[in-house]
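The values are calculated or read from the model by the stated rules, or taken from the named source; none is laboratory data. Note that the structure is predicted; figures quoted are calculated from it, not measured. Heads up, the Cβs are rebuilt from the backbone with ideal geometry, glycines too, and the neighbour counts pull from every protein chain shown. Accessible surface areas use protein heavy atoms only, side chains included; no ligands, DNA or RNA. Shrake-Rupley method; radii C 1.70, N 1.55, O 1.52, S 1.80 Å.
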Amino acid sequence: MTKIHEVAITKAIIGRYFRKLSDHLDMDVAIVGGGPSGLVAGYFLSSAGKKCTLYERKLSIGGGMWGGGMLFNEIVVQKDALRLLDEFGIRYEAYDDIHFTADAIEAVSTLTSRAVQAGLTVLNGICVEDVVIREGTITGLVINWSPVEMAGLHVDPLAIHSKRVIDATGHAVEVVRIVEKKGSGRLLTLSGKVEGEKSLWAERAEDLTLENTREVYPGLYVAGMAANATFGGPRMGPIFGGMLLSGEKAARMLIEESGG
Ligand code: 48H
């Protein structure tokens, strides 16, 4: 019988991880942020055969969805977005005609599992700290280990190339803010800068999240809460239909733009 060997375990992990990493240094779409909008975008893009990597700073994927509202781990999804819960196989229950609830843990774990099984490569524990811009278009990202960032170590990052980038970093809208600071020219917002998130208004925010899911700089798209923070929409509290629909819209736009 073959014996378990510590060095084989180490070699297996190193070999497999670096194969994954080096297969994804040049891709169709890079997604920054593993919250609901990023995961949904990754699922649809990967399902359409796009080479796609999602970078998440934290160890866990799921962003702000685990905790429902105020740590009560249930989320609300409006009727208009139920078809996405059906697509992923996430169970839900009617609260009234408009509002439906789902278990936050089931929602995050199912979204994650379906996205990865559709072919999405997820690299967790990695943060995006800068972008690559060529002739006024985003062509890549600059990445580093999150523990390097957390410890404040002076370690140079590495770069990857991607035809398109989705900023799905939530309230912080981190990639767009880097581009605002370092990119040449204006953002495609009214003021040319990040407009900033407005205070809570659930109904309006849900509509605007979808409207605001679009290109903000050549090659750079925004999805989820980052879309509202970029274009000046309000926040919505723990209703997640807009996040799911936004991820889907971002993916569909990029699939269409690339000719299917
Ligand atoms: C790598 C990064 C970086 C970086 C951030 O916040 P999220 O859950 O994002 P969305 O937009 O999909 O969902 C928003 C939703 O969770 C929410 O907060 C709602 C509905 N709020 C309403 C309200 O009123 O408060 O996930 C973003 C993810 C997080 O996991 C971050 O760790 C990650 O992005 N991230 N990853 N590199 N530079 N910046």
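Data for the structure
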| item | result |
| --- | --- |
| Rounded accessible area per residue of the range 1-120, 1.4 Å, Å² | 57 Å² |
| Given Lys50/Lys79; Lys11/Lys58; Lys20/Lys79; Lys50/Lys198; Lys3/Lys58; Lys3/Lys50, the pairs whose alpha carbons are separated by over 31 Å | Lys20/Lys79; Lys50/Lys198; Lys3/Lys58; Lys3/Lys50 |
| Accessible-area value, His161, 1.4 Å probe, nucleic acids and ligands omitted, Å² | 90 Å² |
| Derived scalar couplings ³J(HN,Hα) [the range 164-178; Karplus, 6.51 cos²θ - 1.76 cosθ + 1.60; whole Hz; x for Gly, Pro] | 9, 10, 10, 8, 10, 8, x, 3, 6, 6, 6, 6, 4, 5, 5 |
| Among beta bridges that DSSP assigns inside the chain, antiparallel share in %, nearest 5 | 55 percent |
| Under the Karplus curve 6.51 cos²θ - 1.76 cosθ + 1.60, θ = phi - 60°, whole-Hz ³J(HN,Hα) for the range 95-107, x wherever Gly or Pro sits | 9, 8, 5, 9, 9, 10, 10, 9, 6, 4, 5, 5, 5 |
| Residue-by-residue Karplus 3J(HN,Hα) for the range 139-149, coefficients 6.51, -1.76, 1.60, Hz, glycine and proline x | 10, x, 10, 10, 10, 8, 5, 4, x, 5, 5 |
| Solvent exposure, largest accessible area first (probe 1.4 Å, DNA, RNA and ligands not counted), of Leu71, Leu208 | Leu71, Leu208 |
| Sum of -39500 (n - 2.57) over DSSP H runs of 4+, divided by residues of the chain (222 nm, nearest 500) | -11500 deg cm²/dmol |
| Of all accessible heavy-atom area on the chain, the percent that carbon and sulfur account for (1.4 Å) | 57 percent |
| Cβ-derived FRET efficiency at R0 41 Å, Ser191 paired with Leu59, nearest 0.05 | 0.70 |
| Heavy-atom accessible area ranking, 1.4 Å probe, most first, across Phe72, Phe18, Phe44 | Phe72, Phe18, Phe44 |
| Positive minus negative residues near Gly42 (Lys, Arg vs Asp, Glu; Cβ under 12 Å) | 0 |
| Förster radius 22 Å - calculated FRET efficiency between Asp96 and Glu203 (Cβ-Cβ, nearest 0.05) | 0.90 |
| Gain upon complete extension [Lys182, Asp86; 0.36 nm per residue less C-alpha separation] | 30.5 nm |
| Cα-based Rg of the chain normalised by 2.2 N^0.38 Å, two decimals | 1.02 |
| Charge dipole (the chain, unit charges on Cβ, about Cα centre) - positive-most of Trp201, Thr2, Ile90 | Thr2 |
